[in-house]
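The block underneath contains the structure these notes are about, expressed in structure tokens.
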Amino acid sequence: MKKFITRVGCSLLFVSSLAMAQTPYTDDATYQGLGGKEGIKKIVDTFVTLVLADPRIKDNFTDFDIPQINARLQEQFCEFAGGPCKYTGKYRDKTMDGVGTVRDMKTVHQDLKITNAMFNALTEDLQIAMEQHKVPSSVALKLVAKLAPMQRDIVTK
Amino acid sequence: MKKIIPAVMAVLVGGAASAQSTPDMGKLLATGGVSQVEGAGGGGITPWALISGYGTRDSWGANAHYTYINTQDYKLGSYGVAIGIADRLELSFANQEFKGSLAPLDKLNIKQDIVGLKYKVLGDAVYEQDVWVPQVAIGIMYKKNKGVRGLEALGVTNVKQLGAKNDSGYDYYVSATKLYLEQSLLLNATLRATRANQMGLLGFGGDRNDSTRLMPEFSAAYLINRQLALGAEYRRKPHNLGVDDEKAYYDAFLAWFPTKNFSVTAAYANLGDITVFNPKKQKGLYLSVQAGF
């Protein structure tokens with residue numbers, strides 16, 4: 001029985017590792033639901049403000065280039081939502097300028113010791129930001145559905 | 001099965017040691033579910049694969065609940081506590097009190113204690129939105145019926161005198177739960193191995209059947225917003241007793257999560273027939289409150 005559970009568990013993990021990459025929506029309904037580029041900009045501005053005031057997570061962002069993060073988030077939300085944007089996924093680290101500075105989602109987060117609680121706090125702030133901008137819950141959850149699997153890359157503790 | 005308990009205890013101790021000592025309240029709102037009528041984390045009548053409380057895998061959480069169901073002829077109350085450790089293990093205690101309100105069962109009072117243990121085996125209902133694999137948990141409930149009161153005139157003080165083979169028993173279950181965020185939907189399927197009559201309130205096993213049977217249970221909930229979920233559940237039950245034409249339970253519920261410390265669930269429940277003495281579908285309001293950290 002134990003062996004069986006381990007085997008099933010392993011094959012399920014294998015299957016899940018095959019499906020890692022999140023693909024954006026092919027239609028732009030979610031993008032429109034978020035209010036297009038304009039709406040996404042407002043949401044991200046509010047989101048970033050909430051995050052930087054959130055005692056649970058604000059300290060994680062002290063060394064980061066906030067305007068750059070804001071721009072990347074807008075690109076990413078726009079692309080995932082099926083909008084006409086291209087998320088480059090690359091972050092230029094301001095403290096490492098000149099030494100091979102461009103980092104991706106995983107390497108940016110690997111030393112930050114981010115917990116599930118922090119990841120969820122961030123998600124909560126995003127949901128509140130979308131609520132404040134009157135995004136319908138069903139649309140907000142469609143965006144969250146695309147972001148949730150990033151937990152694997154972001155939560156390193 | 002007996003080997004599971006020491007193994008689970010080892011995980012419990014290990015999990016408690018690795019988890020931080022203060023609760024982190026780190027899970028997303030509503031993702032601990034509510035307290036089902038036997039005390040486990042779940043919906044109203046069905047245990048889910050979600051671990052109760054708001055502790056993440058680095059922490060723990062706990063809550064207390066009170067549930068009240070009022071049908072035409074019966075009242076069922078349940079109170080209890082649940083502890084979720086490391087978002088992996090759940091320990092729950094509940095006490096059920098079942099009362100009659102219509103003659104000849106108007107003095108009827110049956111109490112039952114339930115101890116539950118649930119272990120998350122694999123998956124994550126929330127994060128793994130890009131794979132089909134649900135969160136899966138296995139669970140066990142030990143139930144001890146405390147005897148029958150109010151039927152002394154008939155000489156009945158124990159469920160065994162109503163045809164039950166035992167006054168205590170175990171339920172074993174496996175639950176699979178998944179959030180489909182794109183559809184704002186939560187789905188749960190549970191398969192339970194049980195001999196319990198009316199959850200154990202009328203004992204375990206009986207004159208009609210005494211073997212353990214597999215019973216399916218289903219829940220579906222639509223997430224109206226971050227704080228509200230609207231859903232329905234179905235729970236099939238065995239029919240072991242000649243004196244009880246036992247049927248499936250159904251409910252339709254609305255759960256409200258104003259904060260992570262408090263939730264209220266209101267439902268309309270259909271408990272089917274309960275004993276041949278009141279041969280009528282028992283329907284009524286279900287109200288449950290949960291407070292925790």
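The values are calculated or read from the model by the stated rules, or taken from the named source; none is laboratory data. Predicted model, so just to flag it, every value in this text is computed and none were measured. All Cβ positions, even for glycine, are placed from backbone atoms using ideal geometry, and neighbour counts span all protein chains on display.
For the stretch B:157-176, indicate whether the set of residues that are within 12 Å of chain A (Cβ to nearest Cβ) and either of a type in the set (Val, Ile, Thr) or under 30 Å from B:Ala229 (Cα atoms) (or both) is non-empty. Yes; the residues of the stretch B:157-176 include at least one that is within 12 Å of chain A (Cβ to nearest Cβ) and either of a type in the set (Val, Ile, Thr) or under 30 Å from B:Ala229 (Cα atoms) (or both). Taken over the stretch B:111-127, the criterion of being in contact with a Lys or Arg (Cβ under 7 Å, 6 or more places away or on another chain) and away from chain A (no Cβ under 14 Å) is satisfied by B:Lys111, B:Gln112, B:Asp113, B:Ile114. The sole residue among A:Lys134, A:Lys142 that is within 27 Å of A:Gly39 (Cβ to Cβ), at pLDDT 90 or above, assigned to a loop (DSSP other than H, G, I, E, B) and within 12 Å of chain B (Cβ to nearest Cβ) is A:Lys134. Does at least one position in the stretch B:177-189 carry a residue that is of a type in the set (Ser, Thr, Tyr) and in a loop (DSSP other than H, G, I, E, B)? Checked the stretch B:177-189: at least one residue is of a type in the set (Ser, Thr, Tyr) and in a loop (DSSP other than H, G, I, E, B). Residues of the stretch B:200-234 that are closer than 30 Å to B:Asn158 by Cβ and buried (at least 24 other Cβ atoms within 10 Å of the Cβ): B:Gly200, B:Leu202, B:Gly203, B:Phe204, B:Gly206, B:Glu217.
Picking from residues in the stretch B:148-179 that are of a type in the set (D, E, K, R) and surrounded by fewer than 21 Cβ atoms within 10 Å (Cβ to Cβ), the one that is farthest from B:Lys99 (Cα to Cα) is B:Lys165. With respect to the conditions (1) within 14 Å of chain A (Cβ to nearest Cβ); (2) part of a helix (DSSP H, G or I), B:Asp130 falls short on a single one, namely (2). Looking at the stretch B:193-293, the strands (runs of 3 or more DSSP E) lying wholly inside it that each contain 3 or more residues that are among the aromatic types (Phe, Trp, Tyr) and either within 14 Å of chain A (Cβ to nearest Cβ) or farther than 22 Å from B:Ile51 by Cβ (or both) sit at B:249-259.
Checked against the criterion of being away from chain B (no Cβ under 11 Å) and at pLDDT 95 or above, the stretch A:92-113 has no qualifying residue.
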